[in-house]
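To keep things clear, I will list the structure first and then write my remarks on it.
Just so you know, all these numbers are worked out from the coordinates, no wet-lab data involved. Quick caveat, the model's predicted, so the values are computed rather than measured. All Cβ positions, glycine included, derive from the backbone under ideal geometry; neighbour counts span all protein chains shown.
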Amino acid sequence: MKKAFVPLLLIVFLGFAAAAQWVSRGPIYIHGDEGFTWENGVVRGSGTPEDPYVIEGWIIDTLGYDYGIYIDGTTAHFVIRNCSILYPQEKAGILLSNVENGVIENCSIWGGKVAIQLIASKNIVIRRNAIGYCDYGIIISTGSEKAVVYENSIISCGLPARDEGRFDLWYHEGRGNYWSDYRGKDLDGDGIGDTPYEVVPDHYPLMEPVVKLPPEASPMRTLSLAKFEERNVIALAPGSLVRLVATDVGVGVEKIFYRFEGGEWKLYSEPFPLEGKAVVRLEYYSVDKLGNQESPKVLTIYLDSAPPVTKLIPGDPHYYDPEGKLWLTSRTPLELAAEDDSGVAHIFFRIDEGTWAEYEGPFHIPGSQGPHKLEFYAIDLYGNREETHVVTVWKDDTAPVTRPELKKAVLPAPKPEGKEGG
């Protein structure tokens, strides 16, 4: 039986709903249709197509929690709108599992592992959301189907999107999504890219964002200080917030102190921004609950705004001819290796302008003999994307043919008759 907010209480709930606009609260967990309650962030609605449950106006800081909004096993109609979900560092900002009939719109999600994920869910609309600085942007996992995703802005994510579902659309009425790593052109000036976005089948990628992240949005990285030794090095995105975590095998850590470039020591209490330099020298130490203090250590932080560099590595057999052409066979394995200071998130490639695929290991060139076009690029953990490499490889599966060359024997000229040699 679906819950409905009865008319007698409508004025009271609407009053609370107005007060709830842009109000901070803890994560929302809803299990089954009975979980759509005021205590779980629902401000109005009865769960019907005409009057869906509405979760609206919340600011959810997920630090220390696994999800911002988690909905599982529902069929009632609902809308999540106008919510900000900050730093989903553990799992996901919004996760819908075994859910039908949901809408996620006009939300901002940034600074975490996954922004939005669908698992075994169907008939979900994801529109006009601003997503940024996440390891993964929008993930549609296996078992999901009939999602419609459009007019979202996906900015500086390690993997902007992944689609393992069925019958999903990444556009609606000729409008797709804005992807900060899109490299296509808009020659006719209609605001739509002339070529599809390759990571997911968005045939109408937008050249400008429809929605933008708020000014306070920023990437965040957790530094586990127990993993670093003195004078270790790490690369982070410019503008990152840094969260420090230390461990102690005994009674546990009580305090962490840090400072920049030999400045004043500060007690760590909450994530802090990095100084705007290319290289930052961070000193730190921790104190356990018995007052035992470790010796100060140094961590050098590089701010990484450079894209990765990917190389093509051919296996055997292969041959570079004097003109620099790469010759190979159907048996030749090809590898792609990318390097980046902060770490490579994903590599994509395609052959002969076919479908783009994520690189997962050595591959071979299919098809006929002759030239084949290979394209590839990488994205790092902070969404920096390199320009697409275009390489022509030449395929030769034909063995040489050896033929004997017969020459006519040259016989000595006959001697004239009647004459004998002396």
Efficiency of FRET from Cβ geometry, HIS389 and ARG259, R₀ 25 Å, rounded to 0.05 = 0.05
Dipole magnitude of the chain about its Cα centre (Cβ charges: Lys, Arg +1; Asp, Glu -1), debye to nearest 20 | 280 debye
Take the cross-link list LYS91/LYS122; LYS185/LYS373; LYS91/LYS212; LYS146/LYS395; LYS91/LYS373; LYS113/LYS311 and give me the ones stretching past 30 Å between alpha-carbons.
-> LYS146/LYS395; LYS91/LYS373
Which of ALA306, LEU267, VAL401 sits closest to the plus end of the dipole of the chain, meaning its Cα is farthest towards the positive end, when Lys and Arg get +1 and Asp and Glu get -1 on the C-beta?
-> VAL401
Extension gain from GLU339 to ASN123, taking 0.36 nm per residue of separation minus the Cα-Cα distance | 73.8 nm
Additional length obtainable on full extension of the chain from VAL245 to LYS277, 0.36 nm per residue less Cα span | 9.2 nm
Tilt, helix 10-20 to longest principal axis of the chain (alpha-carbon atoms), in degrees rounded to tens, equals 60 degrees
Length gained, HIS31-ASP61, 0.36 nm per residue minus C-alpha separation, equals 8.7 nm
Would you please give the FRET efficiency between LYS325 and TYR302, computed as 1/(1 + (r/R0)^6) with r the Cβ-Cβ distance and R0 = 41 Å, to the nearest 0.05?
-> 0.60
At 20 °C and 1.002 mPa s, what whole-number value in µm²/s does Stokes-Einstein give for the translational diffusion of segment 309-395, with Rh from the Kirkwood sum over Cα pairs?
-> 159 µm²/s
The chain - share of DSSP beta bridges that are antiparallel (%, nearest 5) | 40 percent
Charged-residue dipole, Cβ positions (Lys, Arg, Asp, Glu), segment 309-395 about Cα centre, Debye nearest 20 | 400 debye
Select from ASN232, PRO219, PRO209 the residue farthest towards the positive end of the dipole of segment 182-256; place +1 on Cβ of Lys and Arg, -1 on Cβ of Asp and Glu, and compute about the Cα centre.
-> ASN232
Rounded to the nearest 500 deg cm²/dmol, what is the calculated helix-only ellipticity per residue at 222 nm for the chain, with -39500 (n - 2.57) per DSSP H run of length n ≥ 4?
-> -1000 deg cm²/dmol
Based on the mean of other Cβ atoms within 10 Å per residue, sort peptides 82-91, 357-366, 376-385, 30-39 so the most packed one is first.
-> 376-385, 82-91, 30-39, 357-366
Rank LEU96, GLY367, VAL390 by how far each Cα sits towards the positive end of the charge dipole of the chain (+1 on Lys, Arg Cβ; -1 on Asp, Glu Cβ) and give me just the farthest.
-> GLY367
The relative contact order of segment 7-179, taking Cα pairs under 8 Å that sit 6 or more residues apart, comes to a percentage of 14 percent
Please state the charge dipole magnitude for segment 220-303, taken about the Cα centre, from unit charges on C-beta atoms (+1 on K and R, -1 on D and E), reported in debye and rounded to the nearest 20.
-> 220 debye
Looking only at segment 236-267, which residues have a backbone nitrogen under 17 Å from a spot 7 Å from the Cα of LEU290 in the C-beta direction?
-> 247-255
Calculate I(q)/I(0) for segment 220-303 by the Debye formula, one identical point scatterer on each C-alpha and no solvent, and give its log10 at q = 0.11 Å⁻¹ to two decimals.
-> -0.27
Over all viewing directions the Cα convex hull of the chain casts an average projected area in nm² of 39.0 nm²
